[in-house]
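**Q** Let me give you the structure first, and then I'll get to my questions.
Derivation of every value follows stated rules applied to the coordinates shown; laboratory data play no part. Note that the structure is a prediction, hence the values are computed from the model and not measured. Reconstructed Cβ throughout: ideal geometry from the backbone, glycine too, with neighbour counts over all protein chains shown.
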Amino acid sequence: MKVIKKDHHIYSFRPDLTSVESIESGEIIEFETYDSYRDQLKSEIVDQYFKLEGVNPATGPVFVKGAERGDTIKITIISLKLEKEGTMYLRPGAGVLKGYVDRPEVKKMKIENKRIIYNDDFSFPIRPMIGVIGVGTEEEISTFSPGQHGGNMDTKEITEGAILYLPVLTTGANLAIGDFHAIMGDGEVPICGVEIGGRVTVKVEVIKEKISSWPILEDSKNYYLMASAKTLDEATQLATESMFLLLKDKCSKFSVNDVIRLMGIVGDLRISQVVNPLKTAKFVVPKDVFKVNLGEVQ
Ligand code: CA
Ligand code: CA
């Protein structure tokens with residue numbers, strides 16, 4: 001199995017990325033990642049003058065042979081392994097509660113037996129997830145931003161066992177992955193979860209068909225469509241409409257009005273994150289109601 005080391009990383013998705021490895025459709029590959037602070041926060045001591053350099057790296061990119069613009073890549077997340085310690089860095093002026101953060105503070109949290117040791121009295125189970133996973137774009141987009149290419153979607157359901165479908169925007173897709181969280185809540189209100197490095201093993205396959213303009217995630221129970229925009233209002237409209245278009249095209253057993261009714265009954269419109277340059281909403285539908293054929297792997 002090919003392994004992409006974390007010293008091969010990017011800070012933006014763009015058309016002219018130079019791939020560090022190339023794989024066949026169907027190949028299994030491992031990515032090693034830094035935490036989003038590029039492992040610069042080694043201790044809990046920071047002062048107001050401390051500056052992070054080169055943050056939110058995504059490991060890669062990896063060229064997928066046969067992937068052309070207009071195709072889809074199917075990324076099956078086989079395993080997601082974390083380092084032994086996570087970090088949260090609060091700064092005045094950052095996040096939804098920015099006016100209340102009175103000083104910069106780094107908190108380190110050990111992970112033991114799949115639990116985060118928050119302090120001496122309190123621990124809770126980890127819920128590992130991938131914050132950044134995306135492909136090369138037609139115009140440069142920082143790894144801080146989400147979009148149609150994926151990127152910094154900060155969607156907590158992007159985790160072991162799930163399958164992500166991304167639209168291919170440039171030849172070879174150029175997949176890059178980073179920004180794991182040991183756990184994060186919907187919203188990511190302080191602009192961080194428990195930030196952590198790790199290793200992810202994925203199977204990457206090419207589907208010679210466009211499924212959606214936006215990333216779609218599938219797990220054992222649900223389909224999720226993640227859409228991002230300047231405002232949450234726009235993101236929720238895009239996520240709802242794009243999920244509707246997918247279900248209308250791929251679920252022929254339901255009429256248009258059935259799809260709309262069922263989206264209102266069993267569908268959930270939820271928030272992924274509200275702190276990145278674009279906000280991300282997700283529309284979630286259960287697979288036991290909607291059976292969607294997301295296209296055949298070549
Ligand atoms: Ca993130
Ligand atoms: Ca993060």
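**Q** Rounded to the nearest 5, what % of DSSP beta bridges with both residues in the stretch 142-298 are antiparallel?
**A** Roughly 95 percent of the beta bridges in the stretch 142-298 run antiparallel, per DSSP.
**Q** Taking the number of other C-beta atoms within 10 Å as the exposure measure, put VAL3, VAL202 in order starting with the fewest.
**A** Final ranking by Cβ density, sparse to dense: VAL3, VAL202.
**Q** For helix 256-266, what angle does its Cα long axis make with the longest principal axis of the chain, in degrees from 0 to 90 and rounded to 10?
**A** Orientation of helix 256-266: about 30 degrees from the principal axis.
**Q** Something else about it: In percent, how large is the relative contact order of the chain, given Cα pairs closer than 8 Å and 6 or more residues apart? Don't jump to the answer; show the numbers that get you there.
**A** Details: 829 pairs, mean separation 68.0, N = 298.
23 percent.
**Q** Let me ask another. Rounded to the nearest 10 degrees, what's the angle between the helix 232-250 long axis and the longest principal axis of the chain, both from Cα atoms, 0 to 90?
**A** Between the helix axis and the principal axis of the chain, the angle is about 40 degrees.
**Q** How large is the dipole of the stretch 2-215 about the Cα centre if only Lys and Arg carry +1 and Asp and Glu carry -1, each at its Cβ, rounded to the nearest 20 debye? Numbers along the way, then the final one.
**A** Values: 26 positive and 33 negative charges, 47 e Å.
Computed about the Cα centre, the dipole is about 220 debye.
**Q** Right, another one. Can you give me the relative contact order of the stretch 168-298 as a percent, contacts being Cα pairs under 8 Å and 6 or more apart? Display every interim value, and only then the final one.
**A** On the way: 190 pairs, mean separation 38.8, N = 131.
Relative contact order of the stretch 168-298: 30 percent.
**Q** Please give every one of the aspartates and glutamates within straight-line cross-link reach of LYS98, meaning a C-alpha to C-alpha distance under 14 Å, and leave out same-chain neighbours fewer than 8 residues apart.
**A** Candidates past the 8-residue exclusion: GLU188.
**Q** Can I ask one more? Would you work out the relative contact order for the stretch 103-147, in percent, from Cα pairs under 8 angstrom that are 6 or more residues apart? Spell out each step's value before the answer.
**A** Details: 22 pairs, mean separation 8.5, N = 45.
Value for the stretch 103-147: 19 percent.
**Q** If you average the alpha carbon positions of the stretch 89-111 and of the stretch 1-71, how far apart do those two centres end up, in angstrom?
**A** Using only Cα atoms, the two centres lie 25 Å from each other.
**Q** Test of the criteria: in the stretch 73-178, which trypsin sites (Lys or Arg not before Pro) are in a DSSP loop and have at most 15 other Cβ atoms within 10 angstrom of their Cβ? Numbers along the way, then the final one.
**A** Details: sites: LYS74, LYS81, LYS84, LYS98, LYS107, LYS108, LYS110, LYS114, ARG115, LYS156; in loops: LYS84, LYS114, LYS156.
Listed in order of number, the matching sites are LYS84, LYS114.
**Q** Assign unit charges at the C-beta atoms only (+1 for Lys and Arg, -1 for Asp and Glu), then state the dipole size of the stretch 72-199 relative to its Cα centre in Debye, rounded to the nearest 20. Numbers along the way, then the final one.
**A** Working: 14 positive and 17 negative charges, 75 e Å.
In total the dipole reaches around 360 debye.
**Q** With no solvent and one point per C-alpha, what does the Debye sum give as log10 I(q)/I(0) for the stretch 66-128 at q = 0.17, 0.23 Å⁻¹?
**A** -0.78, -0.98
**Q** Only bridges with both residues in the chain count here: give the DSSP antiparallel percent, nearest 5.
**A** 90
**Q** Among GLY66, ILE117, GLN148, whose Cα projects farthest towards the positive end of the dipole of the stretch 49-151, with charges put on the beta-carbon of Lys, Arg (+1) and Asp, Glu (-1)?
**A** ILE117
**Q** Only helical DSSP H runs with n ≥ 4 go in: add -39500 (n - 2.57) per run for the chain, normalise by residue count and round the 222 nm mean residue ellipticity to 500 deg cm²/dmol.
**A** Rounded to the nearest 500, the figure is -3500 deg cm²/dmol.
**Q** Of all beta bridges DSSP finds with both residues in the stretch 1-99, what is the antiparallel percent, to the nearest 5?
**A** Roughly 25 percent of the beta bridges in the stretch 1-99 run antiparallel, per DSSP.
**Q** Along the charge dipole of the chain, which of TYR34, CYS251, LEU278 sits closest to the positive end, that is, farthest toward it, with unit charges on the beta carbon of Lys, Arg, Asp and Glu (+1, +1, -1, -1)?
**A** Value computed over the given set: CYS251.
**Q** For the stretch 245-298, what number results from the quotient of the Cα radius of gyration and 2.2 N^0.38 Å?
**A** Details: Rg = 13.5 Å, N = 54, 2.2 N^0.38 = 10.0 Å.
Cα-based Rg divided by the globular estimate yields 1.35.
**Q** Exposure proxy check: THR201, THR155 ranked by fewest other beta carbons within 10 Å?
**A** THR201, THR155
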